[in-house]
Every structure is written in structure tokens, then in C-alpha cells.
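Student: Take a look at the following structure, please.
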């Protein structure tokens, strides 16, 4: 259980950081982080980090696939990790 909590903290911090880095790169017209990488970070458990990063950095907030997709991923993360918690009890 403790490992799961640590995993979620780390992956969400990384996902939040990815959003910040991509926003920084976008402003400077540099090579960007792919949208697939951002979605993957959300799918592996960092959905909340991506969602918070979208809000905090005002990044990808106009893209429909992010406005809809990331909240769906967060919901799936909650279901998936809720299931894992029940199995670990």
C-alpha cells in the first residue's frame, strides 16, 4: 500500500512537471513534449498531475482532447487505484 502511494505521488509530480516543461518549451518555440507522452503519463497514474498542470500553467486548456480526455483519465485512475487498494487489503 505504501509503495502504491509513493508511486502515485512520484508519477503525478512528474506529470505536473511535464506540463510545466512543455509550456516553457512552447513559449520559447523549442522542441516539444509529444501529446502522446503527456497522455501516457496520465494513463500510468499521473492524470491528476496533468490536470493540475493544465490548470496551473494554462497549458492545453483549449484542446478538446485534453479538456475531455484528461478528466476521463483521472476518473479511470481513481477507479483503477481504488480497485488496487481493495485488492491489497
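Student: List the residue pairs whose Cβ atoms are under 6 Å apart, where the first residue sits in region 65-77 and is buried (at least 19 other Cβ atoms within 10 Å of the Cβ), the second is outside any helix (DSSP H, G or I), and the two are 6 or more positions apart or on different chains.
Tutor: 66/60
Student: A follow-up question, please. Inspect region 5-23 for any residue being without any contact (Cβ under 8 Å) to a residue 40 or more places away in the chain, assigned to a loop (DSSP other than H, G, I, E, B), in contact with a helix residue (DSSP H, G or I) (Cβ under 7 Å, 6 or more places away or on another chain) and more than 21 Å from residue 68 (Cα to Cα) and give the result as yes or no.
Tutor: Taking every residue of region 5-23 in turn, none turns out to be without any contact (Cβ under 8 Å) to a residue 40 or more places away in the chain, assigned to a loop (DSSP other than H, G, I, E, B), in contact with a helix residue (DSSP H, G or I) (Cβ under 7 Å, 6 or more places away or on another chain) and more than 21 Å from residue 68 (Cα to Cα).
Student: Right, something else. Limited to region 18-55, what total is found for residues that are on the phi > 0 side of the Ramachandran plot and surrounded by 13 or more Cβ atoms within 10 Å (Cβ to Cβ)?
Tutor: 1
Student: Of everything in region 34-62 that's touching a residue at least 24 places away in the same chain (Cβ under 8 Å) and assigned to a loop (DSSP other than H, G, I, E, B), which residue is farthest from residue 20 (Cα to Cα)?
Tutor: 60
Bear in mind that the values in this text are calculations on the coordinates, not laboratory data. Because the structure is predicted, anything quoted here is derived from the model rather than measured. Glycine also receives a Cβ, built like all others from the backbone with ideal geometry; neighbour counts cover every protein chain displayed.
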